[in-house]
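Down below is the structure, laid out as structure tokens.
Derivation of every value follows stated rules applied to the coordinates shown; laboratory data play no part. Quick caveat: nothing in here was measured; it's all calculated off a predicted structure. Don't worry about glycine lacking a Cβ; one is built from the backbone with ideal geometry, like all the others, and counts go over all protein chains shown.
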Amino acid sequence: MTHDDRRSIRFPIGMKCAYRLHGVVTPPSAATMTDVSRQGCSLETTDDIGQPSEQIDIHFTVPATSTGAVLVGKVVHRMRHALGWTLGVTFAEIDPAVKWELLADAYRHWHAEHVAADQGRASPS
């Protein structure tokens, strides 16, 4: 799936999180949520956990409230790279308020980066 095929824009977020297989009591694996959209997110991890079609629990801190949250996602694809794995995850269960806070935080970061980039291009040489 290319970026143009997605139903929603993904915004970069770079949020530290942890995940584990849904319904399995094991120590969580460290990951970084690299981007987020209304339907899902991408995770970068060094652990070989999460096959396509498996459900995972993603534990993270909601930026606006600094409270812990958990969402259930379904792995839709995974790709090996030099530093580990990238997991594409679609949201299966997430509190709507938590989802919108997550998206709002990602948008704020994206907007700040783009405003700074636009100001840098507009400054006289």
So, with +1 on the Cβ of K and R and -1 on the Cβ of D and E, and no other charges, what is the size of the charge dipole of the chain about its Cα centre, to the nearest 20 debye? 120
Taking the chain and counting helices only, DSSP H stretches of n ≥ 4 at -39,500 (n - 2.57) each over all residues, the nearest-500 ellipticity at 222 nm comes to -7500 deg cm²/dmol
With x for Gly and Pro, the residue-by-residue ³J(HN,Hα) of the range 36-50, computed from phi through the Karplus equation 6.51 cos²θ - 1.76 cosθ + 1.60 at θ = phi - 60° and given in whole Hz, is 8, 9, 5, 9, x, 7, 10, 10, 10, 8, 9, 8, 8, 10, x
Once Arg80 and Thr67 are pulled to full extension, the length gained, defined as 0.36 nm per residue separation minus their Cα-Cα distance, is 1.5 nm
For His22, what residues show an amide H to amide H distance below 5 Å, using hydrogens built from the backbone and excluding near sequence neighbours? Gln55, Ile56, Asp57
Could you give the length gained on full extension between Thr32 and Glu113, defined as 0.36 nm per residue of separation minus the Cα-Cα distance, in nm? 27.3 nm
Calculated from backbone phi, Karplus (6.51, -1.76, 1.60) coupling profile of the range 79-84 in Hz, x at Gly/Pro: 9, 7, 9, 4, 9, x
Give me Tyr19, Tyr107 ranked fewest to most by other Cβ atoms within 10 Å of their Cβ, as a rough exposure proxy. Tyr107, Tyr19
Rel. contact order, % - alpha carbon contacts under 8 angstrom, at least six apart, the range 3-110: 26
State the dimensionless ratio Rg/Rh of the chain (Rg: radius of gyration of Cα atoms; Rh: Kirkwood radius). 1.02
Scan the range 39-122 for trypsin sites (Lys or Arg not before Pro) in coil per DSSP, keeping those whose Cβ has at most 16 other Cβ atoms within 10 Å, and list them by number. none
Through the Karplus equation 6.51 cos²θ - 1.76 cosθ + 1.60, θ set to phi - 60°, convert the phi angles of the range 13-29 into ³J(HN,Hα) values in whole Hz; use x for Gly and Pro. 9, x, 9, 5, 8, 9, 8, 7, 4, 5, x, 10, 8, 9, x, x, 9
Residue farthest toward the positive end of the dipole of the chain, with Cβ of Lys/Arg at +1 and Asp/Glu at -1: which of Gly23, Leu103, Gln55? Leu103
